[in-house]
Each structure stands twice: as C-alpha cells, then as structure tokens.
Amino acid sequence: MKIRWLGHSAFLIEGSKKILVDPFITGNDKAPVKPDDVDCDIIAVTHGHGDHLGDAIFISKRKNVPIVAIYELAEYISSKGANAVGMNFGGTYEYEGVKLSMVPALHSAGITESNFTHSGGLPAGFVIEMDGKRVYHAGDTGLFGDMKLIGEIYHPDVALLPIGGLFTMDTKLATIAARWIKSKYVIPMHYNTWPPIEANPEEMREDLEREGIKLVVLKPGEAFEL
Ligand code: NI
Ligand code: MN
C-alpha cells in the first residue's frame with residue numbers, strides 16, 4: 001500500500017484500489033497534482049468544509065466514481081449531481097474489497113455556499129482497510145478520548161493526524177492522540193498550508209519514538225510505502 005500526500009488533508013491511498021481522501025487541490029498552492037490528472041476508484045470526504053470537500057465533486061463526475069460521506073453531506077453532494085454514498089458513525093461501507101469505516105471527529109461541519117450555510121451533518125474520520133492494512137484518516141479534529149476506542153477497535157497501522165492547531169489539534173495534542181491510537185506510524189497533515197496553521201512536525205518525533213511510534217513526515221507529492 002502506498003500513502004501519497006497531496007498536501008493539506010488530501011491523500012491518495014493506492015493498493016488494489018485507489019482511494020482519494022479530502023481532495024482539496026484547487027486553491028492549495030502546495031498540491032502536487034491537478035484535479036484533471038488525479039486517478040481514483042472512490043473518494044472519501046470527512047466533512048463539508050471547503051478545504052476537504054475541495055475538488056471531490058468535480059473529480060467524482062470526471063472519473064464517474066462515488067463519494068462516501070456522512071449522510072447529510074452525501075445528500076448535498078447528490079444535489080450537485082455527483083454519485084454519493086451516505087453513511088454514518090459505526091458503519092462500514094464495502095467497495096470492491098475495500099472497507100471504509102466512519103468514526104467521529106471533534107470539529108464543525110457546515111457547508112458554506114454563497115450566502116447560505118448548510119448544516120453538513122457532523123464531521124467524521126475514516127478507517128480504511130485495504131489489502132489487509134488499515135489507515136486512520138482523522139479528518140479535522142480536536143483531541144477526544146474516544147480516539148482510544150478507535151485504536152482498540154480498528155488497530156490502524158498508520159494514523160494520519162492534523163497538527164496545524166487553530167482549527168485542529170496541534171503537535172502537542174496530536175502526540176497524545178498518537179499515544180492513544182497506538183498505530184505503528186503517524187503521518188502529520190493539515191499544517192503549513194497557510195500561515196495560521198504553521199507547525200513543525202519534528203517536535204513530535206522524540207515523544208513518539210519513546211512510545212515505539214514512527215513519525216513519517218512527507219512533502220506534498222511524496223508517498224509512504226506500508
Ligand atoms: Ni474543517
Ligand atoms: Mn480543515
């Protein structure tokens with residue numbers, strides 16, 4: 001399995017299938033791809049904020065692939081003419097051998113459109129299981145105690161954790177999250193896209209290594225092979 005970071009919270013997880021998560025590409029100067037070039041079999045969106053829903057609807061229509069999201073966000077996506085699969089917490093959606101399980105996130109989820117904000121349901125994370133390996137994409141989230149349960153239930157090999165602060169956990173809180181989740185690897189995300197979420201992931205390395213957790217810092221476009 002290859003976990004390729006496309007900047008911000010966008011990842012392309014490649015194995016027997018290609019899963020695209022939170023494809024915020026247009027508007028992200030650091031994105032190493034164009035919405036016209038991304039290849040995927042399925043798209044997962046954690047919540048309706050613009051830096052996560054991003055180019056999902058465009059790519060879904062272009063590739064004719066479904067978008068998996070929480071029910072209310074899926075309804076919104078359907079209303080825009082894309083193929084959406086609605087689900088909710090505790091549920092698992094199976095797609096051609098890939099399992100996407102929806103887990104909570106501690107955040108907000110409104111979808112802002114011109115002068116109107118849709119509720120967007122609730123923010124989520126995903127545990128993605130493919131080829132016998134599990135990746136937890138935490139979405140945007142603060143620290144919450146049930147991350148321990150996510151670790152206990154799903155045993156993710158890799159956790160993709162936001163570290164930029166202000167809208168999500170910072171490096172200090174993400175270090176605690178990693179300790180609770182107990183994944184073998186942590187890949188930081190949602191930082192250095194803009195000045196308000198500047199962070200130095202290296203601040204986490206020593207504390208994580210003491211717990212036997214390996215920190216994998218990617219540059220946008222780079223992939224980690226699991
Ligand atoms: Ni957000
Ligand atoms: Mn965000």
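The values are calculated or read from the model by the stated rules, or taken from the named source; none is laboratory data. Computed from a prediction, not measured in an experiment: that's the story for all the values here. Glycine also receives a Cβ, built like all others from the backbone with ideal geometry; neighbour counts cover every protein chain displayed. Note: areas computed on protein heavy atoms with side chains; ligands, DNA, RNA excluded. Shrake-Rupley method; radii C 1.70, N 1.55, O 1.52, S 1.80 Å.
Dipole of the chain computed with +1 at Lys/Arg Cβ and -1 at Asp/Glu Cβ about the Cα centre; of Gly7, Leu149, Gly54, farthest Cα towards the positive end is Leu149.
So what is the accessible area of the chain per residue, in Å², with the probe set to 1.4 Å?
Details: 9660 Å² over 226 residues.
Heavy-atom SASA per residue in the chain reads 43 Å².
Please sort by residue number the chymotrypsin sites (Phe, Trp or Tyr not before Pro) in region 46-153 whose DSSP state is loop and whose Cβ has at most 15 other Cβ atoms within 10 Å.
Numbers: sites: Phe58, Tyr71, Tyr76, Phe89, Tyr93, Tyr95, Phe116, Phe126, Tyr136, Phe144; in loops: Phe89, Phe144.
Those that pass, being in a loop and sparsely packed, are Phe89.
Heavy-atom accessible area with a 1.4 Å probe sorts Ser108, Ser79, Ser183, largest first, into Ser79, Ser108, Ser183.
With an a/c value under 1.5 for the gyration tensor axes a ≥ b ≥ c computed over the alpha-carbon atoms, the chain is described as rounded.
Using just its DSSP H runs of length 4 or more, each adding -39500 (n - 2.57), the chain gives a mean residue ellipticity at 222 nm of -5500 deg cm²/dmol after division by all residues. To put it simply, the accessible area of the chain at a 1.4 Å probe is 49 percent carbon and sulfur.
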